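Contents: one structure, followed by commentary.
Laboratory data are not the source of any read-out in this text; all were calculated from the coordinates shown. Only a predicted model underlies this, so the values are computations on that prediction, with no experimental measurement involved. Cβ sites come from the backbone with ideal geometry, for glycine too, and all protein chains shown count toward neighbours.
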Amino acid sequence: MVPSWKVLYNRSRYTLTKPHVVIGILLVILLTALVIIPFLQMIRDTAVWQETDRRISRTAQPGEWTSFHYKRVFSSPLSLNIFYRPLLHSMMTSIAISLAAMAIGALMAWLIVRTDMPLRKTIGAFAVIPYVLPSYTLALAWLDFFKNERIGGAAGIYQYLFGAPTPDWLAYGFVPIVITLSLHYYPFTYLLVSGALISIDAHLEEAGEVLGANRLTILRRVTFPIVLPALISSFILTFSRSLGTFGTPYFLGAPVRYFTLATTIYSNISNRTPAVAYISAFILILISMFVIYTNQKIIGSKSFVTIAGKGFRHRLTFLGRWKHFALIAAASAIFLAVLIPLFLLVWQTLMLYPNDYSIGNLTLHYWSGKSNPALAEGETGILRNIQILGAAWNSLKLSVIVALFTGIIGILIGYAVVKGKKTKLSSLLEQQSFLPYLIPSIAFGALYLSLFTVKIGPIPPLYGTFLLLVLVCMAKNLPFSARSGISSMLQVAGELEEAATMVGASWQRRFRKIILPLTLAGSMPGFILTFIATMRELSLIILLVTPNTRTLTTMTFRYVEQGYSQFADAIIVLIVILVVGGEFITRKLGKRETF
Amino acid sequence: MMMKKTLSLTLMVILFLFILVNPSWGQSMSSKETEEWLSKSELGRYEPKVYNEKQIYEKARLEKEVNIYSYSSRVHQFGKTFEQQYPGIKVNGFDMDSTEIVTKVLAEQKAGNFVADIIFLKDPSTVLYELMEKGYAFTYVPTDLRPVIPARYQKPFLTHHVSLDILVYNAEVNKQSPVHTLWDLTKPEWKSRVLFPDPIKMPEFTEVLATLVQHSDEMAKEYQRVFGKPIQLSKGSRSAGYEWILRILKNDAVIAGSTNDVSNAVGQPGQQKPPIGITAFSRLRDKEKNPKLVFDVAYDIQPVMGVATEVVIAVINQAKHPNAAKLLIRWMMGDEKGGQGYKPYFVLGDLPVRTDQPAPKGSKTLQQLNVWIADPRYVWDHGQETRDFWLGHLK
């Protein structure tokens, strides 16, 4: 029987009064504007002849429909080299990187949050820095150790020590890519898993002990299932990011012609044939969508509420004689992933002439030197350069605003997705929020450029404004905060909010007094990752900045191009200092707000 | 039921927004507006017969500033001297990749949101076919300079200077260049020892490869001279130029990510078996930044020592500061001694197009060097084929 209009009306009115539905709908609209429209434009471009296609094909008719781009990617003589082989490389490296990064990150999180390992606070302070450092610093460090005469220059330290040239497989390609990038990406897992571990009530583990389970069983049957959602989130983040990353795989792979799909995407965009790039990007998106879908299936039946309306207590696991072994393992990971590259990076900023590691070659000129016509064509050190200081201010402003807004939206997404579990709305939202992560930054920036240089209805052209930078960075970083919003919301019991509803608290009040405080600690990773990512963002915003909205990273270009790597490295060190400082402040604030 | 409603609502919103955005795609300025702007700015056929610096400066002062998108960071140097020379006009120099410049200009033109006044970039074929042919960019050659610039550098666009891609060798191990012809690079003794900058990453090297293909006849003749027999083309290669590309790839040429990597790898002292490599002539300046580097340019290579590519300056359609733009372009072209405005480019490795200017210290003039000049039209028509050929034979 067809329900009468009245029933229908009442039903929808009932559903629409649920806050998570309202929020869900609002968020879907927001994400549609920020994410889906650029995405649709991408899809359209793959099936339409582009202006630049006139170079590839004599039959190109710009503006007309065509399947040319698809044929070129999937079934042309080039397909093997521009698609299938790079795809295989992308899959192999990404899976290996994700597994390795998860192992390192989860272990690190457990050691720092849940055990009595000595110096764990100190180690914890360093643990996120690998993600702050550009991954190529690790790659450079790798080559300093392992390079052989294939790429010329001075031989690596390995060759010096062992007297034999490094084999190519150890110096370039798969092995170094996996090792350097897993050391670079483990902070994703570290942040998400430690967020989950912090919110585990010791009662749960004690309950296991009372029932006679040994420590390993508790870890396997109690702790592990609780952090599973966070682990899976970090797998998704690491896997997708590794699929899309260009710099380091190119740097370490090109000498032996080991290319990944991200290389194809990047080179097609710089060749101004974006349609072909978008198709490759879609394949990456499909793969990640499949991973997310599987994740939803797993999480669907296995999530655990750990923050309930009862007392809450923290307890540490005593490592006993393993204590020092754990310390050595954690400290050496930090040493490899943080101290060595950071040391090399700082040293490079202090070299009067690049690649000369002698003491006599040290100088502070690139930091604080006054203009000297004999050096660096009269450029002053970066701390005396007003343009750079202005850009630093822009960077900070942008990162804080973006991190703050995306953080709040992330919590809202978490709320709408978790409360609306299994509804189409919530899965739509979850999928939507993840899309931008997979669209290559440079392509995403180009799409925003073409969309926002024009007036859209009542909205004036945003091109050239600071707001546009905020919007594009927010859209791009939503997955971080959405993932951590969802993971942290999964742990909050519904009874808490229900109790407040019973006593008549309005939704705004419930959100401010209950949901926000309880999820803040768990959402911190999203905030921090967004802050870091925005500080370091370059390719996403390079097309959208104008002279008065320049950020720090866009200033490195000129120095790299002129061969003054010292200036460029000094800017990166400056970014690292700002990020570490920002993270420190965030943590202090975060601690005060949580219980 | 609820979900269906939400979904259809979402779809409606998407469609609505899509329609709002859609009409602006591909829209370009009508030629009437362009014509008006040209006449108001006194450009193109409206340009006065005499270059009158004083008059242009007066108008430019009212415009107050000029926005230049530059592939080269040296924009900040000539910008500074310009501001001293012409007080009251601010130069907003914006440095980024040539590709990014083109992308930005195209978006600005399509949206009618005009920011750039001047573009200064590589990749002449794209400038010619995607910007000038569509009326998005125009050539401005100050009339007083016309007698001192060869016609080929004035039309269809003004070339600011020419940059060269050449072969370098390690000068510590070799007294002189260890190779004498481009075909040497395909010989077994150079297996895995030739560094080649990635043409997929750097469009400039697609220009280099396409130019070698264009000159296939000369490449074939040179092959005959070196090996004493006519060249045998492999399956899939259509001419001697392609055959050269195929053979250096088969000879395991090492792909380098930047020209900087090449000069550093070749020039590092203390190597026993240093490689050779193709790189930009202007990398010679690296030796000033790092005096330990010991590489030199191989001048005596047959059939040519290298390929020259042009760097273009153009005025952007509907530029808001056309007079300041003219003044800045004139400043950038320098004077017969080099000049303050040209000074940042008066260095080893960049070659001026002005016939009345001497070559920079330590360099020969463009006319004295044995090079092929990349032809923007040929690169537009065949560059992509060459690129695809390279991609298809990587492994």
With springs only between Cα atoms under 10 Å apart, run a GNM on chain B and tell me which of B:Ala280, B:Ala256, B:Ala111 wobbles the most.
B:Ala111
For a test of the definition: using alpha carbon positions, the gyration tensor, and the 1.5 limit on a/c, classify the range A:382-474 as rounded, prolate or oblate.
prolate
With contacts defined as alpha carbon pairs under 8 Å and 6 or more residues apart, what's the relative contact order of chain B in percent?
25 percent
So the angle from the long Cα axis of helix B:31-41 to the longest Cα principal axis of chain B, reported in degrees to the nearest 10, equals 90 degrees
How large is the dipole of chain A about the Cα centre if only Lys and Arg carry +1 and Asp and Glu carry -1, each at its Cβ, rounded to the nearest 20 debye?
1660 debye
Where in chain A are the DSSP H helices whose alpha-carbon span along the long axis reaches 27 Å or more and whose Kyte-Doolittle mean is at least -0.5?
A:85-114, A:174-198, A:224-244, A:274-301, A:386-419, A:466-490, A:516-536, A:565-593
Starting from one equal scatterer on each C-alpha and no solvent at all, send me the Debye-based log10 I(q)/I(0) for the range A:91-243 at q = 0.15 Å⁻¹, two decimals.
-0.84
For A:Lys71, the lysines lying under 28 Å Cα to Cα, once residues fewer than eight places off in the same chain are dropped, come out as B:Lys201, B:Lys235, B:Lys250, B:Lys395
With Cα coordinates, the longest principal axis of chain B makes an angle with the long axis of helix B:2-21, in degrees rounded to 10, of 90 degrees
For the range A:446-539, what is the relative contact order in percent, using Cα pairs closer than 8 Å and at least 6 residues apart in sequence?
30 percent
Histogram of C-alpha separations across the range B:133-199, 10 Å bin width, %:
14, 29, 17, 20, 18, 1
Multiplying the sequence separation of B:Lys32 and B:Lys361 by 0.36 nm and subtracting their Cα-Cα distance, what value in nm do you get?
113.6 nm
Within the range A:57-91, trypsin sites (Lys or Arg not before Pro) in DSSP loop having at most 11 other beta-carbon neighbours inside 10 Å
A:Arg58
Roughly what % of DSSP beta bridges within the protein assembly as shown run antiparallel, to the nearest 5?
60 percent
So if I place +1 on the C-beta of Lys and Arg and -1 on the C-beta of Asp and Glu, and nothing else carries charge, what would the dipole magnitude of the range B:235-391 be about its Cα centre? I want it in debye, nearest 20.
300 debye
Straight-line reach check, B:Lys175, cutoff 26 Å on alpha carbons, 8 or more apart in-chain or any other chain, hits among lysines -> B:Lys187, B:Lys191, B:Lys273, B:Lys287, B:Lys289, B:Lys292, B:Lys361, B:Lys364
Summed side-chain charge close to B:Pro147 - residues other than B:Pro147 whose Cβ falls under 15 Å, Lys, Arg +1, Asp, Glu -1
+2
Which of A:Tyr278, A:Gly457, A:Asn372, positive extreme of dipole for chain A (C-beta unit charges):
A:Gly457
Semi-axes of the equivalent ellipsoid for chain B, please: Cα gyration tensor eigenvalues, times 5, square-rooted, ordered largest first, whole Å.
40, 30, 20
Checking the range A:131-219 for trypsin sites (Lys or Arg not before Pro) in a loop per DSSP with at most 16 other beta-carbon atoms within 10 Å yields none
DSSP bridge orientation in chain B - percent antiparallel, rounded to nearest 5
60 percent
In straight Cα distance, which lysines are under 18 Å from B:Lys59, not counting same-chain residues fewer than 8 positions off?
B:Lys40, B:Lys49, B:Lys90, B:Lys320, B:Lys326
Need one number: convex hull volume per residue for the range B:241-386, Cα atoms only, in Å³.
168 Å³
Summing +1 for each Lys or Arg and -1 for each Asp or Glu, what net charge is found among the other residues whose Cβ lies under 11 Å from the Cβ of A:Leu111?
+2
Taking just the alpha-carbon atoms of the protein assembly as shown, what radius of gyration and Dmax come out, in angstrom?
30.0, 99
Taking the Cα centre of the range A:1-126 as the origin, how large is its charge dipole in debye, to the nearest 20, when only Lys and Arg (+1) and Asp and Glu (-1) carry charge on their Cβ atoms?
300 debye
Using only Cα atoms, find the angle between the long axis of helix B:203-214 and the longest principal axis of chain B, and express it within 0 to 90 degrees, rounded to the nearest 10.
60 degrees
Cβ-based charge dipole, the protein assembly as shown, positive-most Cα from A:Asn548, A:Tyr190, B:Ile316:
A:Tyr190
Net charge near B:Gln367, counting Lys/Arg +1 and Asp/Glu -1 over other residues with Cβ under 14 Å of its Cβ?
+2
Loop-resident chymotrypsin sites (Phe, Trp or Tyr not before Pro) in the range A:215-304 with no more than 16 other Cβ atoms inside 10 Å, DSSP not H/G/I/E/B, are A:Phe304
Kirkwood Rh over alpha-carbon pairs of the range A:327-373, then Stokes-Einstein at 4 °C and 1.567 mPa s: what D in µm² s⁻¹, rounded to an integer?
105 µm²/s
Shape category assigned to the range A:445-575 from the gyration tensor of Cα positions, a/c cut at 1.5
oblate
Quick one: order A:Tyr559, A:Tyr448 by neighbouring beta-carbon count within 10 Å, fewest to most.
A:Tyr559, A:Tyr448
The range B:162-213: equivalent-ellipsoid semi-axes (sqrt of 5 x gyration tensor eigenvalues, Cα, Å):
22, 14, 11
Neighbour counts of other C-beta atoms within 10 Å: give me B:His180, A:His69, A:His89 arranged from fewest to most.
B:His180, A:His89, A:His69
Rounded if a/c is under 1.5, else prolate if a/b is larger than b/c, else oblate: which is the range B:145-303, with a ≥ b ≥ c the root eigenvalues of its Cα gyration tensor?
oblate
Of the residues B:Phe205, B:Ala171, B:Pro230, the Cα lying farthest along the dipole of the range B:166-230 towards its positive end, which is defined by charges on the beta carbon of Lys, Arg, Asp and Glu, belongs to B:Pro230
